[in-house]
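None of the figures in this text is laboratory data; all of them are computed from the coordinates on show. Since the model is a prediction, treat every value here as computed from it, not as a measurement. Note that we place each Cβ from the backbone using ideal geometry, even for glycine, and neighbour counts take in every protein chain shown.
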Amino acid sequence: MSRAGEYDVACVGESMALAAPDPPGPLRQATTLRLDVAGAESNVATYLAMLGAKVAWVSRVGADPLGEMMLDRLTAAGVDTGLVEVDPTAPTGVFFKDPRPDGTRVHYYRRGSAASGMGREVWTKVRARLAHLSGVTPALSDSCADLVADGLARKPATMSFDVNFRPALWSAEEAAPLLADLAGQADLVFVGLDEAATLWGTRTPEEVRATLPRPATLVVKDGAVGATSFTADGTCFVPAPPVTVVEPVGAGDAFAAGYLYGVLRGLAEPARLRLGHLVAGSALRAVGDIGVLPPADELLLKAEVAG
């Protein structure tokens, strides 16, 4: 297990036990469910560990079998869970996936979860080159909102923030100003063009940049079209390679992990975006949130050659 000062990345936020129909189909017709781990920050942590980074997931789980399952599986995936607290008084959150012909829906059972009790005290034990947060966390509770705001103000590391708007947790009207403010305090921001349109009415990456001018790096993802980044060196666009999509859930987290790994390796901007696309492709081809990655050296070579 790594010591706190040795992490490349610390991913801070809630993950839940995921129950999904197996085989995929409408939840109301399911007779068998697959139990897994799902959450934006632990997804990013898992992909980073698969790529070879020293990564910690920082969160809280309940003192229950679901919390034990999550810790076991993330540890087996190479993620350091030594900074996860076990809460004996609150449960591990759960959600159900409902794949339908018109798209996958999710049903959360996370109110009062162990992770919703997290607060700014987590930053006293996080020491890493990068810290990754998402817009899911501030929607969970007042203490979680304070955790994110304090971390972005404190900046214990280079701060990465994925906007990750979840309409099941809060309305766009409520979320839009807060997420814009939080993103403005981060060093590196990821946002989907579709969610930016929902939140702020922006139609192009350039309009998103005008709305979020403060982050040193802004990455705007546009699904199968590609990704555009804005840095001090200018604007960079890399198209997304064609992928046969099995399920889109988790692709944004995979992209973030690939890009962050490119940052850790000092890749040029086009190669960082390309690596994000390559890792996202593994999620798009998988039924669950985590796909199977080729060897990291192979991915890096493809990213650098294409970049």
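Brief remarks follow.
- Within the stretch 1-157, percent of DSSP bridges classed antiparallel, to nearest 5: 45
- Of VAL263, VAL148, VAL225, the sequence from fewest to most neighbouring Cβ atoms within 10 angstrom is VAL225, VAL263, VAL148.
- Chain lengthening between SER143 and THR244 when straightened (0.36 nm per residue, less Cα-Cα): 32.3 nm
- Inter-label distance for VAL305 and ASP194, nm, one decimal - labels placed 7 Å from Cα along Cα-to-Cβ: 3.1
- For the stretch 30-166: relative contact order, % (alpha-carbon pairs under 8 angstrom, 6 or more apart): 19
- Dividing the summed -39500 (n - 2.57) terms of all DSSP H runs of n ≥ 4 by the residue count of the chain sets its mean residue ellipticity at 222 nm at -11000 deg cm²/dmol.
- Modelled label positions at MET69 and THR104, each set 7 Å beyond Cα in the direction of Cβ, lie 1.6 nm from each other.
- Modelled spin-label separation between GLU207 and THR235, with each label point placed 7 Å from Cα along the Cα-to-Cβ direction: 1.4 nm.
- By the beta-carbon count within 10 Å of each Cβ, the least crowded to most crowded order of ARG105, ARG166, fewest first, is ARG105, ARG166.
- Exposure proxy order (Cβ contacts within 10 Å, fewest to most) of ARG110, ARG100: ARG100, ARG110
- Projected onto planes of every orientation and averaged, the convex hull of the alpha-carbon atoms in the chain covers 14.6 nm².
- Contact order, relative form, for the chain: 14 percent (alpha carbon pairs under 8 Å, 6 or more residues apart, mean separation divided by residue count).
- Amide N proximity, the stretch 95-109 versus ASP22 label position 7 Å along Cα-to-Cβ, cut-off under 16 Å: 95-99
- Rounded to 5, the percent of DSSP beta bridges in the chain classed as antiparallel: 45
- The relative contact order of the stretch 160-219, computed from alpha carbon pairs under 8 Å that lie at least 6 residues apart in sequence, is 40 percent.
- Maximal additional length on extending the LEU35-LEU178 stretch stands at 48.2 nm, based on 0.36 nm per residue less the C-alpha distance.
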